[in-house]
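The values are calculated or read from the model by the stated rules, or taken from the named source; none is laboratory data. Computed from a predicted structure; not experimentally measured. Every residue, glycine among them, receives a Cβ derived from its backbone with ideal geometry; neighbour counts consider all protein chains shown. Ligands, DNA and RNA are stripped out before the accessible areas are found, and what is left, the full protein with its side chains, is counted by its heavy atoms. Shrake-Rupley method; radii C 1.70, N 1.55, O 1.52, S 1.80 Å.
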Amino acid sequence: MRTRLLVMVAALGLLTAAVPVWAHHAFAAEFDQKKPLTLKGSVIKWEVTNPHSWIHMSVKGDDGQAVTWMIEGGSPNNLYRLGFTRDSLPPGAEIVVEGYQAKDGSNRAVGKNVTFTDGRRLFLGLQMPGTDGEKK
Amino acid sequence: MYKLRKIVVAGFLVLGTVPAWGQAPAYRAPRTADGKPNLNGIWQANNSADWNLQGHSAAQGPVYALGAVFSIPPGLSVVEGDEIPYLPAAAAKQKENHANWVKLDPEVKCYLPGVPRATYLPYPFQIVQSRENIMMAYEYAGAVRTINMGAPTKAPADSWMGWSNGHWDGETLVVDVTSQNEDTWFDRAGNFHSEALHVVERYTPRSADTLNYEVTIEDPKVFSRPWKISMPLYRRVEKDARLLEYKCVEFTEELLYGTLRKKASK
Amino acid sequence: MRVASLAALAAWVLFVPVVPAAGQAAPAAKSAVKKAWTAPRTPDGQPDLQGVWTNNTVTPLERPKDLAGKEFYTDAELAAGMKKEHERLDLNVEEGRPTEPGTADDVHYDFSEYGLDRAQTKLAWNKRTSIIVGPDGTIPPLTPEAAKRRAEHRAKARGHQFDGPENMSLSARCIVRANVGPPLLPAAYNSNLQIVQGAGYVVIETEMIHDARIIPTDGRPHLAKNVKQWMGDSVGHWEGNTLVIDTTNFTDLNPFDDAQNVHVVERLTRVDPDTILYQFTVEDPGMWTKPWSGELPITKMQGQLYEYACHEANYGLVNTLNGARVAEQEAAKKAGK
Amino acid sequence: MTTHRSLASITAIGAMIAVTAWGQAPAKSWTVPRTPDGTPDLQGVYANATLTPLERPKGLGAKEFYTDQEFAALMKRIQQGSVPEEADLGNAAPQDVRYDLSLYGFDVTKATLASSKRTSLIVGPEGRVPPMLPEARQRNAERAAKNKGHEFDSYENRPLQERCILMAQERIPMLPGAADNNLLQIVEGTGYVVLLHEMDHSTRVIPTDGRPHVSQSIREYQGDSVGHWDGNTLVVDTTNFTDLSAFRGSGEKLHLVERFSRPDEKTLLYQFTVEDPATWDKPWSAEIPMAKAKGPVYEWACHEGNLDEFVTILRGARVEEEAEKKVAK
């Protein structure tokens, strides 16, 4: 159903509406709402790409083996405007991801909630870069 | 003393007017309203540097069915001294890139070309020059970059078109480009770089309808020393010259996603 | 704009004073009386629209049913709306996405974690109840033949939206985003644009997908009819301080599916240092029974555009097509047993 | 001699036309005219058919020139139809199976033949191409061996001229070729001299400012030519050859220096020196007189009309292979 117009209407949300749902593409077609999961592990790298950034993280499987997962996130552009840089999410940071696994069964997921182990929520939970990349 | 000065001046005049072979006498471009050389316009390189920065002979193209249309044209080198000073390991990688260029060249996939390749792609680009920002929009893939002419700023992360800070050096627009990601190439012959690439471009008007484009390329991870390319850029002087939309993404989808297509049900 | 910490950031966003006049949003408290302001000029004498702007707004394109006939909010309603918006953000920041677990809506990252919630960046508040102006505030009904075209188009597409890349939206394919238009409408995030003016041209670059509309201001004729472009062919001219842009030569896929003869006129007028009033009219007699117009303020923002290279890492499209193929195989296996 | 002789039978050898420059004493001292730019005017249309053989016949040893009597006697014998070893009628020699050229207007009696009293085109005491170095012989033998038995496998195995890529008559250095369509036109523009061969419209645009050669990574069938004026003589230096356009088995290192001058109104004197350290142990030179001819140079498009001939050659081979297979069964 390719009517971009209707999609756009929903996107803008009403003054009273809860939240804009429109996204760059239908996430429910990429990830499976019937496969929720929670992943705990350490960041390998934050791939700062568009249309979506991807957090590569290492998760210990039940057998203790480390498995690499890719977590789909948002465009990094506005984080740049808020003073963040590529190095704002340092490798090794311990994070918890609640989300849904990719439909093709690969080690990919969308992170509905991504927090640090102490509960702080990602990026905006990060301490803003005091000196570097500061916007006058 | 007076006599000596006259001779010197005369000598200078003679020297000044005799152009060294190939160089036009220093040209002073018309000014923009804020007094800078006016680079506004639609420009295009007219060489086969995008096929191969170095001198190259004509060669068979990648697809036999396309015959002469997509054979590789010959080209003079745009590299000064005709030598790209690769470090040994990098030289091997370049040969491998060149051998598999159709599979590896990002331009085949309509990815953003990076700098300086965006300038000498076989398509026009337009310079829209204001005081604070000089925007360069390229017909290819809708690539675009805005050169910050104010106080230099730092990039938050690498990107395909890099991070451009510019300033004027007399008649020349000097653009310092950093933070280009390592996935772009310089041409279709596998010439590549790392994310440590540092490019300094110089755009200098040399006549009403041509610019001299010189680029110093530096990347300690790939090259043993900085090297330079240079070429003229020609203004597109057709009466209604303009950039048209060339969003080539859709022309790569069969290549990139075709195998994921649903098989026709048997 | 030096931001010390999350708290400060959240505070800054919350503290947006009540804006006295419709259509204006300014970071600092404005004195009641606006001193006479004249639009600045570029060195070569053109009205200066340059800068980095955003058309990020909560105002919907079409007026919600329950507000039929009401074109403007009162000051109080606007203030309530702003308060509601920021409460929504706070809740979201505290408790995450307010979507029902296990539903398709829930399968998405949380915008606010990436600073992409619309309330986390400058919002161009205005008292209109919809971007589309006029008593109805909605897009006119389709003409019969347009409705037929659309129905046929959808019937053909039904069930095939993940067969191949060409069945997916232009946005998912990173070809072009509908909000770029023209008309230029807000996107869910990164709804930013930069205007640069050079001799004889105005360039409007939208951040998503680095689309630079290069608009000649000499009022030259349009391209030949058969040359179609995703963003049409725009030609501009100045009327006093207003840039008027006329665009034709669209395809029938963008920005309006099935519209085969769209003509858009846009007007950009800088009304104060931080606001451009953006107005547009869309017409296509073969699509809508009458033309329709809209208006929204575009407000100056700090910072700049960043590269939004979309196609280069469009893993999402691959995963989606892959997901569809895996689902088909599983369905076939189940059916086979 | 790799040139591809193409004239059919000689019928009217007896009626050899009066060769204008034949043995006449040079007219009063003639100076070459100038183009408006002031450069020597070599312009015009020339034919390079000649009777002098490339290499000196064995019997003549170190004799570089005929005396007038010897020359006159030689001419008489040729006119009576017996072509001794001392003369090389090249295109005029009886030919293998080919259509009768005279049907298509190639009447040797009308060809303009420049002549000189030299005993061979190659100058110097030996008057012969120096012996090929062992490495060159081996290189060429390997290439021939690779093609042996595969001559008709595919287009790559056919000679360059049959593929209309590089005709014998357009190769450089320019050797006398078939009388048919081997006119050479010279046109001079500011800073450039253009040599146009009628055969396959082969054009060499030669800058005369003595600029450096193109990068060595550029290899070309006809190499990269750069010229300069040396008095009334155009000197052209050419490098950057490929080993595919091998001139008598030469390789990429072939270096050619050509000299064009006009000793008299009717003649263009073409002299060349070739050296290739990977092919011959020393350089060798030759001198070929070209006679002014009546133009114009017509278009001679080869590839465009080559389909049938070429297909026929390859299809012929396929048919033969099929036939052999049947027989073998």
Unique residue being under 19 Å from the mean Cα position of the chain (by Cα), of a type outside the set (Gly, Ala, Ser) and farther than 30 Å from residue A:28 by Cα when the list is C:127, C:83: C:127
Can we say residue D:143 is open to solvent by 30 Å² or more (accessible area, probe 1.4 Å) and farther than 30 Å from residue D:320 by Cα? no
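Restricted to region C:291-337, and to residues that are among the basic types (Lys, Arg) and over 22 Å from the mean Cα position of the chain (by Cα), which residue is least open to solvent (accessible area, probe 1.4 Å)?
Per the stated criteria, the residue is C:325.
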Filtering region B:130-147 for residues that are within 8 Å of chain C (Cβ to nearest Cβ) and without any contact (Cβ under 8 Å) to a residue 24 or more places away in the chain leaves a count of 6
Find all pairs meeting these conditions: Cβ atoms under 7 angstrom apart; at least six residues apart or on different chains; first residue within region C:99-121 and at positive phi and facing another protein chain (nearest Cβ under 7 Å); second residue buried (at least 22 other Cβ atoms within 10 Å of the Cβ) and assigned to a helix (DSSP H, G or I). C:115/A:78; C:115/A:79; C:115/A:123
What strands (runs of 3 or more DSSP E), lying completely within region A:43-119, carry at least 2 residues that are open to solvent by 20 Å² or more (accessible area, probe 1.4 Å) and at the interface with chain C (Cβ under 7 Å from one of its Cβ atoms)? A:108-116
Quick check: anything in region B:43-52 within 12 Å of chain D (Cβ to nearest Cβ) and in contact with a Gly (Cβ under 8 Å, 6 or more places away or on another chain)? yes
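Do the conditions hold for residue B:106, that is, is it under 27 Å from residue B:76 (Cβ atoms) and away from every other protein chain (no Cβ under 14 Å)?
Taking the combined requirement at face value, the residue does not satisfy it.
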Could you tell me which numbered condition residue C:313 fails, if it satisfies all but one of (1) small (Gly, Ala, Ser); (2) over 30 Å from residue B:134 (Cβ atoms); (3) within 14 Å of chain A (Cβ to nearest Cβ)? (2)
Here are some conditions: (1) farther than 30 Å from residue C:263 by Cβ; (2) touching a Ser or Thr at 6+ places or on another chain (Cβ under 7 Å); (3) open to solvent by 10 Å² or more (accessible area, probe 1.4 Å). Residue C:126 meets all but one. Which one does it not meet? (1)
Within region B:28-65, can you find the residues that are within 30 Å of residue C:45 (Cα to Cα), in a loop (DSSP other than H, G, I, E, B) and open to solvent by less than 60 Å² (accessible area, probe 1.4 Å)? B:29, B:32, B:34, B:35, B:38, B:39, B:40
Checking residue C:179 against (1) part of a loop (DSSP other than H, G, I, E, B); (2) more than 21 Å from residue B:253 (Cα to Cα): exactly one of these is not met. Which one? (1)
Could you list, in sequence order, the residues of region B:150-181 that are closer than 15 Å to residue B:200 by Cβ and of a type in the set (A, V, I, L, M, F, W, C)? B:163, B:168, B:173, B:174, B:175, B:177
The correct count of residues that are open to solvent by 10 Å² or more (accessible area, probe 1.4 Å) and at the interface with chain A (Cβ under 9 Å from one of its Cβ atoms) in region C:193-209 is 0
Scan region B:164-186 and give yes if some residue there is under 22 Å from residue B:234 (Cα atoms), open to solvent by less than 30 Å² (accessible area, probe 1.4 Å) and touching a helix residue (DSSP H, G or I) at 6+ places or on another chain (Cβ under 7 Å), otherwise no. yes
Being without any contact (Cβ under 8 Å) to a residue 24 or more places away in the chain, within 11 Å of chain A (Cβ to nearest Cβ) and at positive phi narrows it down to one of C:219, C:159, so name that one. C:159
Listed residues D:273, D:238, D:267; which is of a type in the set (Val, Ile, Thr) and at pLDDT below 95? D:267
Quick one: how many residues across region D:153-178 are under 23 Å from residue D:200 (Cβ atoms), open to solvent by 40 Å² or more (accessible area, probe 1.4 Å) and part of a loop (DSSP other than H, G, I, E, B)? 5
Residue identified as outside any helix (DSSP H, G or I), within 14 Å of chain A (Cβ to nearest Cβ) and not β-branched (Val, Ile, Thr) among C:257, C:246: C:257
Check residue C:216 against each of (1) over 16 Å from residue B:142 (Cβ atoms); (2) surrounded by 24 or more Cβ atoms within 10 Å (Cβ to Cβ) and name the one condition it does not meet. (2)
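Would region B:70-83 turn up any residue that is open to solvent by 70 Å² or more (accessible area, probe 1.4 Å) and under 20 Å from residue B:140 (Cβ atoms)?
Yes, region B:70-83 contains at least one residue that is open to solvent by 70 Å² or more (accessible area, probe 1.4 Å) and under 20 Å from residue B:140 (Cβ atoms).
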Among the residues of region C:68-99, write down those that are modelled with pLDDT of 90 or more, loosely packed, with under 13 Cβ neighbours inside 10 Å and among the acidic types (Asp, Glu). C:87
Quick check on this structure: which one of B:105, B:82 is modelled with pLDDT under 95 and among the acidic types (Asp, Glu)? B:82
Please verify whether region D:254-262 includes one or more residues that are buried (at least 19 other Cβ atoms within 10 Å of the Cβ) and more than 29 Å from residue D:135 (Cβ to Cβ). yes
For region D:193-235, give me each residue that is within 11 Å of chain B (Cβ to nearest Cβ) and open to solvent by 40 Å² or more (accessible area, probe 1.4 Å). D:209, D:210, D:211, D:212, D:213, D:216, D:217, D:219, D:220, D:221
Any chance region C:134-155 includes a residue that's open to solvent by less than 40 Å² (accessible area, probe 1.4 Å), out of contact with any His (no Cβ under 6 Å at 6 or more places or on another chain), more than 10 Å from chain A (Cβ to nearest Cβ) and closer than 30 Å to residue B:109 by Cβ? no
Restricted to region D:236-253, and to residues that are open to solvent by less than 10 Å² (accessible area, probe 1.4 Å) and free of Cβ contacts under 8 Å to residues at least 60 places away in the same chain, which residue is nearest to residue D:268 (Cα to Cα)? D:236
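Looking at residue C:298, is it out of contact with any Gly (no Cβ under 9 Å at 6 or more places or on another chain), more than 14 Å from every other protein chain (Cβ to nearest Cβ) and more than 30 Å from residue A:71 (Cα to Cα)?
yes
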